[in-house]
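Notes follow the structure.
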Amino acid sequence: MDAGIVHTSGDLEQVARRWERADLIRVWQEIKSQADVAARPPGKAFEYLVVRAFELEGLAVRWPFQVTYPHRFGTMEQLDGVVYLGERTFLIESKNLAEPATIEVIAKLRFRLEARPPGTMGVLFSVQNFTFPTEVFAQFASPLNVLLWSSKDLDHALTHGTMVAGLRRKLEYATERGLPLLALGESR
């Protein structure tokens, strides 16, 4: 499906826009196994996989992009994407690290959220899951504005085509219980 070398993020976006559910599952397995994905820019396949999974289920999305502010030099931030669920907006952060995501990743995402309209939330996806202190920090940071997606959550949502339903469940759970991490596929 994505033969050839992908040289830029724009090239990867064109490739990712053609991914169907089976392609997403295949790419996800490659990412999890740390397979050689030399045809793609480092770390980018995961970002595009998450955005495409939401787009395939009918959500409006914004593909990964850079933000530059007027009167400043260079890029101020790089966003891994945006997902629009009704009137709710979610900034996406996708981490394909060798180790579980740490507190710093959530802190950086929360800082980005401070520059956005009230009610904008973050969604942190991590291939290697999260450290325990990261989960605790996400739970007790106020306001609770970052939802966590583990590798198992993505396994479940990609396999069942339930990215949107999973996002809704996680938002409902966070609203009702004040907790940022709900394991998808388990009953509440």
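The values are calculated or read from the model by the stated rules, or taken from the named source; none is laboratory data. Here the structure is a predicted model, which means the values were calculated and not measured. Please note: Cβ atoms are built from the backbone with ideal geometry, for glycine as well, and neighbour counts cover all protein chains shown. Calculation scope for accessible area: heavy atoms of the full protein, side chains included, ligands and nucleic acids excluded. Shrake-Rupley method; radii C 1.70, N 1.55, O 1.52, S 1.80 Å.
Surrounded by 19 or more Cβ atoms within 10 Å (Cβ to Cβ), among the hydrophobic types (A, V, I, L, M, F, W, C), in contact (Cβ under 8 Å) with a residue 12 or more places away in the chain and over 29 Å from ARG26 (Cβ atoms): is that true of ALA101 in this structure? Lay out the reasoning, then the answer.
Values: surrounded by 19 or more Cβ atoms within 10 Å (Cβ to Cβ): yes; among the hydrophobic types (A, V, I, L, M, F, W, C): yes; in contact (Cβ under 8 Å) with a residue 12 or more places away in the chain: yes; over 29 Å from ARG26 (Cβ atoms): no.
Against the criterion (surrounded by 19 or more Cβ atoms within 10 Å (Cβ to Cβ), among the hydrophobic types (A, V, I, L, M, F, W, C), in contact (Cβ under 8 Å) with a residue 12 or more places away in the chain and over 29 Å from ARG26 (Cβ atoms)), ALA101 does not qualify.
What are the pairs, 6+ residues apart or on separate chains, where a residue within the stretch 114-128 that is in a loop (DSSP other than H, G, I, E, B) has its Cβ under 8 Å from a residue that is among the aromatic types (Phe, Trp, Tyr)?
Note: pairs meeting the criteria are THR120/PHE90; VAL127/PHE46.
Given the criteria under 18 Å from GLU55 (Cβ atoms) and buried (at least 17 other Cβ atoms within 10 Å of the Cβ), does VAL146 qualify? I'd like the intermediate steps shown before the answer.
Working: under 18 Å from GLU55 (Cβ atoms): no; buried (at least 17 other Cβ atoms within 10 Å of the Cβ): yes.
No; evaluated as a whole, the condition is false for this residue.
Please go through the stretch 171-186 and give me each residue that is of a type in the set (A, V, I, L, M, F, W, C) and part of a loop (DSSP other than H, G, I, E, B), ordered by number.
LEU179, LEU181, LEU182, ALA183, LEU184
So if I check each of VAL51, VAL67, which one is more than 13 Å from VAL146 (Cα to Cα), of a type in the set (Val, Ile, Thr), open to solvent by less than 50 Å² (accessible area, probe 1.4 Å) and modelled with pLDDT of 95 or more? Explain how you work it out, then say what you get.
Details: VAL67 fails: modelled with pLDDT of 95 or more.
Just one listed residue meets the conditions, VAL51.
Looking at the stretch 81-98 only, could you name the residues that are open to solvent by less than 70 Å² (accessible area, probe 1.4 Å) and acidic (Asp, Glu)?
GLU93
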